[in-house]
Amino acid sequence: MSFVIRSSACFLPQGRISAKELDQRLSLEPGTCRRRYGVDYRHYASPSETALFMGAEAARAALDRAELQWADIDLLVCASGTSHQALPYNAAGVLAELRIAEPLATMDVNASCLSFLAALEFSHCAIASGRYRRVMIVSSEVAKIGVQDVKPETATLFADGAAAFVLEASKNSAGLLTSLFQTYPEGYSLCQIRAGGSGLHPTRNPMDAVAEGSYFEMQGKALYKMVSKLAPDFIRQGLGKAQLTLSDIAHIVPHQASHAGLAHLVHRLGLDEDKVVNLFATMGNQVAASLPIALDHLLRNKHVARGELVMLFGSAAGLSLGLGVLSL
């Protein structure tokens, strides 16, 4: 027993800022954001478009497209790298936002930018065990709020959005054909938000230090170098678990990590650009929502034949790499 994707949907904030406006905001020479950072525009959530609101909107749309009711869903999994608040967890918050009359099993999966892929891995196993028949996965991120407009590299990188997928048990599908996750602890400090937990807490630290630690920090060059070194062998290893090679893959959905990172991935692996879903110019890096939004785009805008293989691949703070191959 495995799963099929019954439906998918995404939600993008109404607010949109152009590359020209970003150049002005960041005091950059006109054309810099487009030329150097690969930006056409970014969606930024308004104060009313919270992570819970966006997740609920995407979930409602996915349920409507599946022609199902909430009573048909056995489990709601929120797969996000950021939290709306410390407690309760995101899935409980999305359920409250949906105002569903009956209780529903919920849980969070947080593997930073790989959260959606990790949720697919968990859901595959949970459905295969027979414990659940239909699982809703929601990824919702308000990412830009945690980034200071100081370094253009990071200020142009992130954007907001949400996506939802309904998975349904099926005996006639391989679902997640293979997967691989590896974390390299030497990269732990390369990408982080230090506040928000017990490590940098206001009871033990000055408030200005907590405030500073609430923003995203990235050692971009070191992170880029480490991922580019590890990715080729990691991908070969992940595909090799199912005796596959890149030539067997019809579509490649990468995490939209960065403009340079996507270009390097295509070049380093010798990929056919037509096979690669690249939405970075308009979507940016939406943390855990990047992968499902890109997958939703593929399923709804490209011709995808039944039985074709789709490879999802990405990196995350940790430093972690993840890969999964879906049989559609």
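The values are calculated or read from the model by the stated rules, or taken from the named source; none is laboratory data. The shown structure was predicted, so the numbers you read here are calculated from the model rather than taken from an experiment. Don't worry about glycine lacking a Cβ; one is built from the backbone with ideal geometry, like all the others, and counts go over all protein chains shown. The protein model used for the area step is the full one, side chains on, heavy atoms only, and it has no ligands, DNA or RNA in it. Shrake-Rupley method; radii C 1.70, N 1.55, O 1.52, S 1.80 Å.
Before moving on, here are some points about what is shown:
- Evaluated against (1) without any contact (Cβ under 8 Å) to a residue 40 or more places away in the chain; (2) closer than 19 Å to Val325 by Cβ, Val150 falls short on exactly one condition, (2).
- Of all residues in segment 23-80 being among the polar types (S, T, N, Q) and in contact with a strand residue (DSSP E or B) (Cβ under 9 Å, 6 or more places away or on another chain), the one that is surrounded by the fewest Cβ atoms within 10 Å (Cβ to Cβ): Thr50
- Enumeration of residues in segment 169-190 that are more than 19 Å from Leu298 (Cβ to Cβ), buried (at least 19 other Cβ atoms within 10 Å of the Cβ) and not aliphatic (A, V, I, L, M): Gly187
- Filter result (assigned to a loop (DSSP other than H, G, I, E, B) and either buried (at least 22 other Cβ atoms within 10 Å of the Cβ) or among the hydrophobic types (A, V, I, L, M, F, W, C) (or both)) within segment 246-279: Ile249, Ala250, His255, Gln256, Ala257, Ser258, Leu271, Val277, Leu279
- Scan of segment 145-165 for residues that are surrounded by fewer than 24 Cβ atoms within 10 Å (Cβ to Cβ), touching a helix residue (DSSP H, G or I) at 6+ places or on another chain (Cβ under 9 Å) and of a type outside the set (Ser, Thr, Tyr), ordered by number: Val147, Gln148, Asp149, Lys151, Pro152, Glu153, Ala155, Phe158
- Per-region count, segment 81-123, residues within 20 Å of Gly146 (Cα to Cα), open to solvent by 30 Å² or more (accessible area, probe 1.4 Å) and either among the basic types (Lys, Arg) or in contact with a Cys (Cβ under 8 Å, 6 or more places away or on another chain) (or both): 1
- Summed over segment 204-224, the residues that are in contact (Cβ under 8 Å) with a residue 24 or more places away in the chain, in a loop (DSSP other than H, G, I, E, B) and open to solvent by 50 Å² or more (accessible area, probe 1.4 Å) give a count of 3.
- Annotation: Gln243 fulfils all but one of (1) on the phi > 0 side of the Ramachandran plot; (2) open to solvent by less than 30 Å² (accessible area, probe 1.4 Å); (3) of a type outside the set (Gly, Ala, Ser); the unmet one is (2).
- Which listed residue is in a loop (DSSP other than H, G, I, E, B), among the aliphatic types (A, V, I, L, M) and under 21 Å from Ala118 (Cα atoms), from Ala86, Ala92: Ala86
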